[in-house]
Amino acid sequence: MNADLLSNWLEWLPDLGRGLQTSVLLAAVSLAIGIPIGLLLAVLVSSRRAAIRMPSIVLVEIGRGTPALVVLQLVYFGLPNAGLTLGPFTAASAALALTTAAYTSEIIRGGLEAVPKGEVEASQALGMSYRDTMRFVLIPQGMRIAIPALVGFGILMFQATSLAFTISLQELLSRAYSIGSSTFLYFQVLLLAGVLYLAITLPSGWLTGRLERRLSRHL
Amino acid sequence: MEHVSAVLLGVPYTLLVTVVALAIGAVLGLPLALARRSPLAVLNVPARVVIDVLRGIPPVVWLFIIFFGIGNQFVTLDPIQAGSLGLGLISAAYLAEIYRSGLGAVHSGQWEASSALGLSRTDSMVRVVGPQAFRVALPAASTYAIGLLKDSSVVSAIGVADIVFQATGDSRATGAALAPFLVAAAIYILLGTPLAIASRRMDSRLRMRVAR
Amino acid sequence: MEIVRDPQTRTGSDAVDVRASAQPTDRLEVSRKGPPVVSLKGLSKHYGENVVLDKVDLDVSAGEVVAMVGPSGAGKSTLLRCINLLEVPDAGTVTVGDQCVDAGKEVSAKDAMRLRRTAGMVFQSFNLFPHLTVLRNVSLAQERVLGRSRAEADARSMELLERVHLAHKADTYPARSSGGQQQRIAIARALAMDPQVMLFDEPTSALDPEVGLEVLAVMRELAESGMTMIVVTHEIPFARDVSDRVVVMADGGIIEQGEPHQVINNPQHERSQRFLRAVTER
Ligand SMILES: Nc1ncnc2c1ncn2[C@@H]1O[C@H](COP(=O)(O)OP(=O)(O)O)[C@@H](O)[C@H]1O
Ligand SMILES: [Mg+2]
């Protein structure tokens, strides 16, 4: 069985490797779109004006309260009813970017709040405007503080790409499942898929740990 | 409106899977956390590997491995069993890390003070450090529980008749694809919000008590 | 609140205009110096039930160095923070240079910022920006607030860093400097805005005594250069040797003030006696 398993894995690897590429690309696109929106939401949620703050909080809470899977179904299956049809990759990117924006806005807000209050006072005492204080003092440091948590979230987002299986995007899990259904070797092929996910998530996890230690040393 | 009643049918299943998975995770997470903290490599290395592997593979992949992989070729499990077990094991890993950081947050002076008073290691853990760690870990654990309620939606992929499963079925049956999923989203938000409020309240109350 | 041009100096183009507001005064040390740069009238501030400042009046003349002492909780920090509007007073007026703020009237963010930049502030905890180099720390607000070009700002920053003897640190990050060095950088940063008055809130309290001396030396040079300064401090030798006037605060008010040796060696008020004995005899 072991020799069998190995030869099977070698046979499936090219196909699953392409699936992994799609998964990684999807995660990268979602994060690249979602995090800047998350930053914007974080700034809006930190606003002193209730008219800006309140709607932003509601938006973020709805985004965080809805499972990524549901957002995905809404975008892929639901939007065509509203006249907007997206391909699987675009739909998955849009859905995961929305989820990313909602979650990372809270992570980034945490970062912004972790910047010592004295530095904000120092900027005020120098006569700097709220905008400039945000732009030159709070955001650069808040983002830096948020980096480990953002990387951690990125790993979860990469895992969440497997949900795109439900909209038949040819990512890693879809490919593994279709090999399983044609060979009935579900266990073996899904195990390989699991190993491939680990090949990305484990090193990234170690990286987060080191990043966290590195950053805490410098601040 | 008919979408609402259709999708609501999934709520008991969502709750069932979430609660069972949490129970499994809460119990199995404890030995995992203690092993992870052990100074003995034979305990902490395997514990670390188990935790990292459980957390490093997407939940839906675990469910597929258990339901289609193990289920087809080894022991047969029904979707609810497979779903609860899979999410339970993953929860054990996450909760183990939460317990561990709770234990780590208790000042080492507490251990020293307990042993200086002649308490055994077990007594120190059960009577002194454990209760303090519990308070520290509770907010993170409840945040995790709220997250699990939403993440449990992946069990629909192996056929558990939960909220998302019902929404999918309803949209197929009625041809309306937007409404059922909007209803599903609303239900998740309505289920999660009271939990979030309760946990925030509990958190601030406990924090006040610890601070005093 | 509202910021208006101080009527006394309206005729002058510059903030400190001797012709416009020089008035005979009865205080010896004030007559030696110029016209008031900071003028507080009936300044009050409370947090809930807690009255932190109770109708405080204080005039500080151009070039004058005022040392402010008093027990913890007296309201010294709050007073300084009201001068540059980090706290908004409940009642009274704050005049800094030719900017006047009247509590109780609406104050626009723009006016508040204009007042703030006429007063430089040095905090107990330095509050440097850790993600910027020392040079950028000093240059940032010059560019954003005063509209100086980067080259102009950096040149001015280097001048000031030289003045606090830290030019060699310009391209490093603040974390690479000692506490005393960081506080000197913070002084340079505040000076870069060309303030008319410098406010110091216990600038040496977070420092080792020895390191604190470096900072006090820089402050002494600053005082000798003619800068108007209000210094909250527990450093009695500094108050005695460098300041022109010692002000004792307790329970939200000024209970005693006067010539430094007089106040320190021979305080009149029972509360000042108790406090000064505690700081001088430790
Ligand atoms: N932001 C605040 N909210 C409530 N009370 C405050 C605040 N800042 C200062 N206080 C209170 O005001 C009083 C004076 O404080 P402070 O000006 O810091 O005194 P000092 O600097 O002389 O030690 C204290 O009783 C303090 O508790
Ligand atoms: Mg103070």
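Coordinate-derived values only; no laboratory data. Just so it is clear, the structure is predicted and the values come from calculations on it, not from any experiment. Backbone-built Cβ (ideal geometry, glycine too); neighbour counts: all protein chains shown.
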If you put +1 on each Lys and Arg Cβ and -1 on each Asp and Glu Cβ, how big is the dipole of the protein assembly as shown around its Cα centre, in Debye rounded to 20? 800 debye
Full-extension gain in nm, C:Glu49 to C:Asp194, via 0.36 nm per residue minus C-alpha separation: 48.4 nm
On average over all directions, what projected area in square nanometres does chain C have, based on the convex hull of its Cα atoms? 15.0 nm²
Stretch A:Tyr130-A:Val58 to full length: gain in nm at 0.36 nm per residue minus the Cα-Cα span? 23.6 nm
Filtered trypsin sites (Lys or Arg not before Pro), region A:25-65: DSSP coil and at most 11 other beta carbons within 10 Å: A:Arg48, A:Arg49
Taking region C:120-275 and dividing mean pair separation by its residue count, relative contact order in percent (alpha carbons under 8 Å, at least six apart): 22 percent
Value of relative contact order over region C:35-169, rounded to a whole percent, pairs C-alpha under 8 Å and six or more apart: 18 percent
If you place +1 on the Cβ of every Lys and Arg, -1 on the Cβ of every Asp and Glu, and leave all else neutral, what size is the dipole of region C:51-193 about its Cα centre, to the nearest 20 Debye? 580 debye
Going by the alpha-carbon gyration tensor, a ≥ b ≥ c the square roots of its eigenvalues, is region C:118-232 rounded (a/c under 1.5) or, if a/c is not under 1.5, prolate (a/b greater than b/c) versus oblate? oblate
Return P(r) of region B:2-211 (all Cα-Cα pairs; 5 Å bins starting at 0; whole %; ordered from short to long distances). 1, 7, 13, 15, 16, 14, 11, 9, 6, 4, 2, 1, 0, 0, 0
For region C:90-182, run through the GluC sites (Glu not before Pro) and keep only the ones in DSSP coil with at most 16 other Cβ atoms within 10 Å of their Cβ. C:Glu106
If a helix is a whole DSSP H run, which ones in chain C reach 20 Å or further along their own axis (Cα) and hold a mean Kyte-Doolittle hydropathy of at least -1.0? C:209-224
Only helices at least 24 Å long along their axis, Cα-based, and averaging -0.5 or more on Kyte-Doolittle count here, so list those DSSP H runs from chain A. A:2-45, A:88-114, A:139-160, A:186-218
With the contact rule set at Cα under 8 Å and sequence spacing of 6 or more, what percent relative contact order holds for region B:2-211? 31 percent
Multiply the residue separation of A:Arg18 and A:Ser181 by 0.36 nm, subtract the distance between their alpha-carbon atoms, and state the gained length in nm to one decimal. 56.8 nm
Based on the mean of other beta carbon atoms within 10 Å per residue, what is the order of C:51-60, C:95-104, A:75-84, most packed first? C:95-104, C:51-60, A:75-84
Distance histogram for region B:1-50 (every C-alpha pair counted, 10 angstrom bins, percent rounded to whole numbers): 24, 27, 20, 15, 12, 3
Determine the shielding of peptide A:181-191 by partner chains: average, over its residues, the number of Cβ atoms on other chains within 10 angstrom of each Cβ. 4
Dipole of region B:2-211, positive end: most advanced residue of B:Ile24, B:Ala196, B:Pro180 [Cβ charges, Cα centre]: B:Ala196
Can you give the calculated 222 nm mean residue ellipticity of chain C, where each DSSP H run of n ≥ 4 adds -39,500 (n - 2.57) and the sum is split over every residue, rounded to the nearest 500 deg cm²/dmol? -10500 deg cm²/dmol
Between B:Gly147, B:Gly130, B:Leu54, whose Cα lies farthest towards the positive end of the dipole of region B:2-211 when Lys and Arg beta carbons carry +1 and Asp and Glu beta carbons carry -1, centred on the Cα centre? B:Gly130
Taking chain B and counting helices only, DSSP H stretches of n ≥ 4 at -39,500 (n - 2.57) each over all residues, the nearest-500 ellipticity at 222 nm comes to -25500 deg cm²/dmol
Per-residue mean of C-beta atoms belonging to partner chains within 10 Å, peptide A:157-167: 4
Ratio of Rg to Rh over the protein assembly as shown (Cα coordinates, Kirkwood Rh, two decimals): 1.08
For region A:3-216, take every pair of Cα atoms, bin their distances at 10 Å starting from 0, and report each bin as a whole percent. 8, 28, 29, 20, 10, 4, 1, 0
How far is helix B:41-56 tilted, in degrees, relative to the longest principal axis of the Cα atoms in chain B, given as a value from 0 to 90 rounded to the nearest 10? 30 degrees
For labels at C:Arg114 and A:Ala51 in the simple 7 Å Cα→Cβ model, what's the distance in nm? 2.5 nm
Rounded to the nearest 20 debye, what is the charge dipole size of chain A about its Cα centre when +1 sits on each Lys and Arg Cβ and -1 on each Asp and Glu Cβ? 720 debye
For the pair C:Ser149 and C:Thr133, how long in nm is the line joining their label points, each one 7 Å along Cα→Cβ? 1.9 nm
Taking every residue in B:189-195, how many Cβ atoms of other protein chains lie within 10 Å of its Cβ, on average? 2
Among A:Gly209, B:Ala92, C:Ser149 - extreme Cα towards positive end, dipole of the protein assembly as shown, charges at beta-carbon: B:Ala92
Working from Cα positions, state the angle (0 to 90°, nearest 10) between the long axis of helix B:79-105 and the longest principal axis of chain B. 30 degrees
How high is the FRET efficiency from B:Arg121 to B:Ser204, r the C-beta distance, R0 22 Å, rounded to 0.05? 0.10
